[in-house]
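One structure is given below, encoded as structure tokens.
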Amino acid sequence: MHVPQATSAIIPTYNRARYLADAIDSVLNQTLPPLEVIVVDDGSADSTREVLRSFGDSIQVIHKANGGKASALNVGLKKAQGEFIWIFDDDDVASPDCLEKLSCALMKLPESGFAYGSYDHLIETSNGKTKIIDPDLRIDKSIDFRLSVLERCYIFQPGMLVRRSVFDAVGPLNEELARSQDYEMLLRITRQFSGVEVNSVLFHQRQHSGVRGSAKAPVSKGQIVSSWIKYDDLIFSQIYETYPLAEYLPKRCVGDLSTAETRYALLERSCIMARKGLWTQAGTDLKAYLVLVQSGAPISIADSERAILRRFFGPYSYADSKLADSGALFEVIRDIISASLRWKIAAELFAPIAGELGYAIRHRYVRYFLGTARKCLIFVRNYLCARRRRDESIRVVSRLGSR
């Protein structure tokens, strides 16, 4: 199938002279070259200008004062002329056929707003060389795609091709976000448009010790996870307040939800918020879910609901990083009337952590074992503390009632 050269590639860059040439070369040397390559220099203070000059007229360069990645991309989007938009990071390397595969997939399905694929990791070794490894992505394809993206960001802009009309519909990137601005944009896109998957590694995501962020909000390598948690907190706090409950169903409903649908949506939203470490919101929804469960006859948890509970502390969940602050969630479990239901909920939540511990033991990963064992201890401690407070409350009420 003939695919027109209809893509504008946009590369925002800030102080990445060391890696920038590799990124640009990989974009220029595609089996299906882009219509144009726009590099937005976001006020770099290193040798970025010299690197860009070496490419001559093969790229378009825009220099601007430093304002962060989102502001650089918004400038690039205004300049872009292509029907498709390919945003590429200044420290990654594209597979030679990345753009061709994405373009073909998108052309075959005109109803799709974007195409996306997988990636691997480009690791810098101690001797200055690089090696490629496959990350342990563990994507559960049984989860609704839109909900899976809410639970976890596993699609990245260098491996994603988006129709220009989609960006026109969802609006510019949020320049208030120093990090996670690409994830917030992905959430807006997947909320309105369907995507098509390319089952292939499309780019090499470079792992390095360089500083991320902007001049006003620099992020060192050791701060990467904490910065993601910080900005995802802002994003999902707003999502919690603005998304209607029906959007947490695999198929969004119009009109009133049934009891079963309400249960599912409350639990799914609780899971999403827990995975971002938003324990107050997660606890509120889990409590509302449990009220509905305990009002049923007989009291039971559906298999689909068990699957959601197991994802609270599943792979790539920030719930692990903020487990020590999870008191609000365990307070809800404490108040469950039925002892058997209380145990079932706790067991389902604990299952993925126990699975990680078993994996570490089987493969003799000492460091992984120690980290997972610590999570197990925190989980058990929080659960037992909540149980103890519940029992103490019951005793106090009993004493007051006997007077």
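Please give the number of the condition residue 51 fails out of (1) among the β-branched types (Val, Ile, Thr); (2) under 26 Å from the mean Cα position of the chain (by Cα); (3) more than 24 Å from residue 200 (Cβ to Cβ).
With respect to (1) among the β-branched types (Val, Ile, Thr); (2) under 26 Å from the mean Cα position of the chain (by Cα); (3) more than 24 Å from residue 200 (Cβ to Cβ), residue 51 is out only on (2).
Any idea which residue in region 249-280 is farthest from the chain's Cα centre (by Cα), counting only those that are part of a helix (DSSP H, G or I) and acidic (Asp, Glu)?
Selected residue: 261.
State whether one or more residues within region 17-33 are without any contact (Cβ under 8 Å) to a residue 60 or more places away in the chain, of a type outside the set (Phe, Trp, Tyr) and part of a loop (DSSP other than H, G, I, E, B).
No, every residue in region 17-33 fails to be without any contact (Cβ under 8 Å) to a residue 60 or more places away in the chain, of a type outside the set (Phe, Trp, Tyr) and part of a loop (DSSP other than H, G, I, E, B).
Return yes when residue 304 is assigned by TED's automatic domain parsing to the domain that holds residue 379, under 23 Å from residue 142 (Cα atoms) and surrounded by 18 or more Cβ atoms within 10 Å (Cβ to Cβ) and no when it is not.
Judged against the criteria, residue 304 is not a match.
For (1) within 22 Å of residue 194 (Cα to Cα); (2) buried (at least 19 other Cβ atoms within 10 Å of the Cβ); (3) aliphatic (A, V, I, L, M), each residue gets a yes or a no:
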| site | (1), (2), (3) |
| --- | --- |
| 241 | no, no, no |
| 246 | yes, no, yes |
| 253 | yes, no, no |
| 268 | yes, yes, no |
| 272 | yes, yes, yes |
| 285 | no, yes, no |
| 292 | no, no, yes |
| 295 | no, no, no |
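Give me the strands (runs of 3 or more DSSP E) completely within region 99-197, filtered to those with at least 1 residues that are crowded, with 17+ Cβ neighbours inside 10 Å and of a type outside the set (A, V, I, L, M, F, W, C), ordered by residue number.
Hits in region 99-197: 114-124, 160-163.
Do you know which residues across region 307-322 are assigned to a helix (DSSP H, G or I), crowded, with 22+ Cβ neighbours inside 10 Å and at pLDDT 85 or above?
308, 309
Considering 67, 76, which residue is in contact (Cβ under 8 Å) with a residue 12 or more places away in the chain, more than 16 Å from residue 158 (Cβ to Cβ) and either touching a strand residue (DSSP E or B) at 6+ places or on another chain (Cβ under 6 Å) or surrounded by 15 or more Cβ atoms within 10 Å (Cβ to Cβ) (or both)?
Just a single option satisfies the conditions, and that option is 67.
The values are calculated or read from the model by the stated rules, or taken from the named source; none is laboratory data. All values reported here derive from a predicted model rather than from experimental measurement. Heads up, the Cβs are rebuilt from the backbone with ideal geometry, glycines too, and the neighbour counts pull from every protein chain shown.
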